[in-house]
Structure formats: structure tokens, C-alpha cells
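Heads up: the structure comes next, in C-alpha cells.
Readers should treat all values here as calculations from the given coordinates under stated rules, not as data from a laboratory. These numbers come from a predicted model, not from an experiment. Please note: Cβ atoms are built from the backbone with ideal geometry, for glycine as well, and neighbour counts cover all protein chains shown.
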Amino acid sequence: MRLIWPWQDRQRRFSWLKASAFALVLLPGVRMFYQTLAGDYGMLAMAFGSLVYWSGVWATVVLLMALAVTPVIQYFDGLR
């Protein structure tokens, strides 16, 4: 059994759609890590609270985008 990476399709070929979705999901984490190192969140105690808040905001955004996939597909399928 071979491992299929997140950016590969079922035939183990590179998929631009999966790679871009994977990058978009990782982008908020990379951004928060950079902002923490740059000191944008302030001292350590305030940084932890800000990281918890913003990770929740981004989790909500990703969840709403995932939940919106089926209605969008059904809407555009009905236009045909």
C-alpha cells in the first residue's frame, strides 16, 4: 500500500486543485506563526490569547467554506 500525498489525485498524479486547497488551509497557520515571531501579538500571555482567538476565527472560516461546497455545486448544477 503506497501513501497518497495531499497534493496527489487517486492516480498519484500532481493535482493543482488539491495543492492549492492544501496551501490555502495551511496559510493561516503560517501567517500566525510569522506574526508571533514578528511580535505582532505582543507579549507571550497576550500572544497566546490572540492565537487562540484567531485560530478559532480561521477554523470557522474553513468550516463554513467546507459546508458551502454542496449548496454551491447544487446551485450551479441546477443552472444547466
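Numbers at a glance
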quantity	calculated
Furthest towards positive pole of dipole, Trp7, Met43, Phe76, structure part the chain, Cβ charges	Trp7
Backbone N within the stretch 1-37 under 16 Å of label point (7 Å from Thr70 Cα along the Cβ vector)	none
Under 14 Å, Cβ to Cβ, from Gln8 - net charge with Lys/Arg +1 and Asp/Glu -1	+4
The chain: relative contact order as a whole-number percent, Cα under 8 Å and 6+ apart	16
Extended-chain gain in nm, criterion 0.36 nm per residue less alpha-carbon gap, Val61 and Leu3	18.0 nm
At least 20 Å along the helix axis (C-alpha) and Kyte average at least -1.0, DSSP helices within the chain	16-38, 44-67
Cα shape, the stretch 1-54, gyration tensor, a/c 1.5 rule	prolate
